[in-house]
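The values are calculated or read from the model by the stated rules, or taken from the named source; none is laboratory data. All values reported here derive from a predicted model rather than from experimental measurement. Neighbour counts run over all protein chains shown; Cβ positions are idealised from the backbone, glycine included.
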Amino acid sequence: MSPALSVATIVARTEAEGPGHRYALWVQGCPMRCPGCCNPELLQFEGGTLRTVDEIFEEVMASDVEGISLLGGEPFAAAEALATLAHAVRRQGRSVMVFTGYTLAELQGEGAPPGADALLAETDLLVDGRYDKATHTTRRRWIGSDNQVLHFLTERYHPDDPRFSEPNTLEIRIDGDRVLINGFPIQGARTRI
Ligand code: SF4
């Protein structure tokens with residue numbers, strides 16, 4: 001049976017959440033409470049939509065994307081299910097980028113959340129560390145504060161890739177009576193108006 005996870009938002013094809021066109025998935029729920037968090041509506045573990053990995057995998061394959069980006073909320077709070085998804089999409093030649101509030105050292109340590117090792121093993125790019133309001137930045141693409149580190153965990157990407165130094169971008173989608181904003185990290189960016 002395909003594992004399931006609680007999903008807050010999906011943007012099936014975006015250019016604002018990692019290199020190239022990506023399928024971006026925000027999980028619902030985060031155990032941390034960084035002051036100034038740009039996704040306060042995603043902190044509670046209640047309220048997401050339960051989706052199976054198989055369903056999401058089929059959407060990724062239909063989306064003509066370079067890879068997936070996993071955001072939150074906290075992706076490593078759903079690491080076991082997301083590791084299954086990441087493994088499946090990488091087997092199809094897609095890449096995996098993960099944005100986490102944990103540091104890489106925490107994810108590799110004894111107190112790591114369940115499945116952290118499995119998800120790390122399927123991650124090409126990792127942006128780690130809690131958002132630090134005091135070192136907020138708009139100059140680092142996809143990254144909210146200067147303490148956070150972009151780790152190249154595989155050889156799929158290279159720091160010299162010019163896409164990593166381009167300016168941040170913002171995408172706005174209007175779907176009926178909803179407005180969805182993603183990309184440039186601003187307060188409450190995922191809030192539907
Ligand atoms: S910034 Fe990230 S890690 Fe921190 S509370 Fe918000 S979602 Fe959680």
For segment 132-149, which positions are among the small types (Gly, Ala, Ser) and on the phi > 0 side of the Ramachandran plot? none
Looking at segment 22-31, can you tell me whether even one residue there is over 20 Å from VAL127 (Cα atoms), in contact with a strand residue (DSSP E or B) (Cβ under 9 Å, 6 or more places away or on another chain) and of a type in the set (D, E, K, R)? no
Residues of segment 144-163 classified as assigned to a loop (DSSP other than H, G, I, E, B) and without any contact (Cβ under 8 Å) to a residue 24 or more places away in the chain, total: 7
So the check is Cβ under 8 Å with 6+ separation or different chains; which pairs have a first residue in segment 19-33 that's within 29 Å of PRO159 (Cα to Cα) and of a type in the set (D, E, K, R) and a second one that's assigned to a loop (DSSP other than H, G, I, E, B) and away from the ligand (no atom under 14 Å from the Cβ)? ARG22/GLU15; ARG22/VAL65; ARG22/GLU66
Give me a count of the residues in segment 16-56 that are surrounded by fewer than 16 Cβ atoms within 10 Å (Cβ to Cβ), of a type in the set (Asp, Glu) and assigned to a loop (DSSP other than H, G, I, E, B). 1
From the list GLY101, GLY129, exactly one residue is crowded, with 18+ Cβ neighbours inside 10 Å and at positive phi. Which is it? GLY129
Among the candidates THR137, THR100, which residue alone is within 16 Å of CYS37 (Cβ to Cβ) and out of contact with any helix residue (DSSP H, G or I) (no Cβ under 7 Å at 6 or more places or on another chain)? THR137
Among the numbered criteria (1) closer than 26 Å to PHE164 by Cβ; (2) touching a Cys at 6+ places or on another chain (Cβ under 6 Å), which one does LEU43 miss? (1)
Could you tell me how many of the residues in segment 173-184 are in a strand (DSSP E or B) and surrounded by 11 or more Cβ atoms within 10 Å (Cβ to Cβ)? 6
Name the residue that is farthest from THR137 (Cα to Cα), counting only residues in segment 10-50 that are within 14 Å of the ligand (Cβ to nearest atom) and among the aromatic types (Phe, Trp, Tyr). PHE45
For segment 165-178, check the following and say yes or no: at least one residue is within 13 Å of the ligand (Cβ to nearest atom), at pLDDT below 95 and under 21 Å from ALA8 (Cα atoms). no
